[in-house]
1. Just grab the label-to-label distance for Glu87 and Gln101, each label 7 Å out from Cα along the Cβ direction, in nm (one decimal).
2. Students often check this: by mean Cβ neighbours within 10 Å, which of 96-102, 44-50 ranks highest, and how do the rest follow?
3. Ranked by accessible surface with a 1.4 Å probe, highest first, in what order do His198, His205, His36 come?
4. What whole-number value in cubic angstrom gives the convex hull volume per residue for the C-alpha atoms of segment 153-222?
5. So what's the projected area for segment 1-106, the Cα convex hull averaged over all directions, in nm²?
6. So for each of 160-170, 207-217 I average, over its residues, the number of other beta carbons within 10 Å; can you give me the resulting order with the highest mean first?
7. Return, ordered by residue number, the residues of segment 33-55 whose backbone nitrogen is under 13 Å from a label point located 7 Å along Cα→Cβ of Ala76.
8. Rg and Dmax in Å for segment 52-112, alpha carbons only: what are they?
Amino acid sequence: MHKKEKFWKNSLWILWTFTIVFYWVAFFYIGIRARHRRWIWWGVIYSIPFVLLMVFSPDSTIGNYLTNLAIGAWIASIIHGFAVRREYLVRMKVREELLQQEEELLRRKILGVDGENLLSKVPSTSPFASSDASSAPERAASPFSDRHAPGETALVDLNRASEEQIASLPGINLIMAKRAVSLRDARGGFDSLEDFSHALGLKPHVKERIRPMVTVGPKAEDSRPSGSEREGGFGRIVDY
């Protein structure tokens with residue numbers, strides 16, 4: 001599917017906001033799809049006048065008030081829908097990237113951890129027999145396959161890892177990984193796992209969960225030789 005087609009497919013929900021009866025459904029839809037509770041709560045708020053109109057008669061004083069309130073909520077939902085549309089598209093794009101990454105990691109785990117045994121059981125007529133066997137060198141060169149290889153305990157170096165490697169850690173998504181790399185470049189690196197967790201605002205259970213999977217190498221500024229080392233390792237002694 002082309003990017004333009006995906007854009008329109010992910011924007012059709014906004015048409016619901018133009019329906020004077022079911023305008024509030026749009027926020028339930030995007031809140032559930034993007035897993036964003038705040039939009040779901042907005043859907044609840046926008047639906048209150050509509051629900052109350054079903055209880056009170058439109059000819060009563062309260063009914064007239066609720067009718068005006070529902071019309072105001074309808075207009076507000078249209079403006080609100082256009083305001084959050086861009087954020088919704090970004091969230092859905094990131095979710096699709098994360099889903100593709102998880103599928104790729106699962107595929108590499110299935111065909112990489114015990115790849116030789118699995119491929120030996122695949123019939124020669126199967127498409128996996130040729131495509132996956134030919135991609136074996138790529139799996140060997142990939143950081144993901146190294147991390148899942150049997151008998152190895154490769155750790156993710158928080159001061160050297162790529163965005164994809166950091167995002168593969170449990171409890172950390174691609175957005176957080178991009179932020180981590182940006183902070184790392186600005187600061188020159190992280191001092192410890194606690195420094196990394198504090199910078200990203202990780203919850204304690206997430207920090208403890210990734211602790212066995214990560215290491216913190218020297219910062220970029222720490223890896224540079226000192227002045228005496230650049231001069232050949234000899235300092236200058238001055239006697240007074």
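The values are calculated or read from the model by the stated rules, or taken from the named source; none is laboratory data. The model shown is predicted, which means the values in this text are computed figures rather than measured ones. All Cβ positions, even for glycine, are placed from backbone atoms using ideal geometry, and neighbour counts span all protein chains on display. Accessible surface areas use protein heavy atoms only, side chains included; no ligands, DNA or RNA. Shrake-Rupley method; radii C 1.70, N 1.55, O 1.52, S 1.80 Å.
1. 2.2
2. Most protected by this proxy first, the peptides run 44-50, 96-102.
3. Greatest to least solvent exposure: His198, His205, His36.
4. Working: hull volume 5.2 nm³, N = 70.
Value for segment 153-222: 74 Å³ per residue.
5. Values: hull surface 30.4 nm².
Spelled out: convex hull of the Cα atoms, projected over all directions, averaged, 7.6 nm².
6. Working: 160-170: 17.5, 207-217: 14.8.
Most protected by this proxy first, the peptides run 160-170, 207-217.
7. 42-50
8. 22.6, 70
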